[in-house]
Amino acid sequence: RGFKVLPKRWIVERTFGWLSKYRRMSKDYETSIESSTAMIHIAMTRLMLKRAARF
């Protein structure tokens, strides 16, 4: 009863926030699940490479 914080929910919300910065990921432009999954992989790979380059 009442408000309870869901465990790990903030990780999912943060990841969605990162993905929404990419224009192609802001709306559902992809017609197939495979191409949508590939775009998510590309966006997250770019994000991780960008962060790894800082260190």
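Since every read-out is calculated from the coordinates, none of them should be taken as a lab result. Remember, it's a predicted structure, so these values are computed and weren't measured experimentally. Positions of Cβ are generated from backbone atoms using ideal geometry, with glycine treated the same way; all protein chains shown enter the neighbour counts.
Does residue 4 meet the test of being out of contact with any Lys or Arg (no Cβ under 6 Å at 6 or more places or on another chain) and not in a helix (DSSP H, G or I)? Spell out how you get there, then give the answer.
Working: out of contact with any Lys or Arg (no Cβ under 6 Å at 6 or more places or on another chain): yes; not in a helix (DSSP H, G or I): yes.
Taking the combined requirement at face value, the residue satisfies it.
Quick one: in the range 7-33, of everything that is in contact with a helix residue (DSSP H, G or I) (Cβ under 9 Å, 6 or more places away or on another chain) and outside any helix (DSSP H, G or I), which residue is surrounded by the fewest Cβ atoms within 10 Å (Cβ to Cβ)?
28
Is it true that residue 46 is within 15 Å of the chain's Cα centre (by Cα), loosely packed, with under 11 Cβ neighbours inside 10 Å and basic (Lys, Arg)?
Numbers: within 15 Å of the chain's Cα centre (by Cα): yes; loosely packed, with under 11 Cβ neighbours inside 10 Å: no; basic (Lys, Arg): yes.
No: the conditions fail for residue 46.
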